[in-house]
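Enquirer: Before we start, here is the structure in question, set down as C-alpha cells.
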Amino acid sequence: MRAVRSLALIAALLCASGCGPVLYMVNLSSAQHAVEEARQENAARLAPYEFHYAAEHLRKAEEFAATAEYQDALDMARVAEEYGDRARDLARRQGHGAAH
C-alpha cells in the first residue's frame, strides 16, 4: 500500500511539472483571443480600464512563461481573459448605445 501511494505521488509530481506549460498555453490562447476581441470592439477607447488591465496581465503572463514560472503565468492569463471579456462586453454595450 505504501509503495502505491509513493508511486501515485511521484506520478502526480511528474504530471504537475510537465502539465504547467500545457495548461498555460491553453489559457494563453483564450486570453489572447479575449484581448484581441476587445481590441476589435474598440475597448481601448470604450472600456479603457478593463482593456488595459487585460492587456497588461497578458503581457505579464507571457513574461512569467518566458522564465518558466507557469503557475504565475497561468494566473495572469486567467485574469487577462476575464478582463478581456469584460472589456469586449462593455465596449459592445457602449458602441450599441452610441449607435442609437
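Enquirer: Go through segment 69-80 and report how many residues are touching a residue at least 24 places away in the same chain (Cβ under 8 Å) and more than 10 Å from the chain's Cα centre (by Cα).
Expert: Counting residues in segment 69-80 that are touching a residue at least 24 places away in the same chain (Cβ under 8 Å) and more than 10 Å from the chain's Cα centre (by Cα) gives 2.
Enquirer: Moving on to the next point. Got a number for residues in segment 61-84 being surrounded by fewer than 23 Cβ atoms within 10 Å (Cβ to Cβ) and either within 13 Å of residue 27 (Cβ to Cβ) or hydroxyl-bearing (Ser, Thr, Tyr) (or both)?
Expert: The number of residues fulfilling the criteria is 12.
Enquirer: Separate question: Taking segment 59-87, which residues are part of a helix (DSSP H, G or I) and of a type in the set (Asp, Glu)?
Expert: Scanning segment 59-87 gives 62, 63, 72, 75, 81, 82, 85.
Enquirer: Kindly establish whether residue 90 is among the aliphatic types (A, V, I, L, M), more than 13 Å from the chain's Cα centre (by Cα), part of a helix (DSSP H, G or I) and surrounded by 17 or more Cβ atoms within 10 Å (Cβ to Cβ).
Expert: Yes, satisfied.
Enquirer: Looking at (1) surrounded by 15 or more Cβ atoms within 10 Å (Cβ to Cβ); (2) modelled with pLDDT under 95, which is the only condition residue 54 fails?
Expert: Going through (1) surrounded by 15 or more Cβ atoms within 10 Å (Cβ to Cβ); (2) modelled with pLDDT under 95 one by one, residue 54 breaks only (2).
Enquirer: So which residues in segment 48-75 are hydroxyl-bearing (Ser, Thr, Tyr), under 30 Å from residue 95 (Cβ atoms) and touching a helix residue (DSSP H, G or I) at 6+ places or on another chain (Cβ under 6 Å)?
Expert: 53
The values are calculated or read from the model by the stated rules, or taken from the named source; none is laboratory data. Predicted, not measured: the structure shown is a model, and the values here were computed from it. Counting neighbours? That spans all protein chains shown, and the Cβs are built from the backbone with ideal geometry, glycine included.
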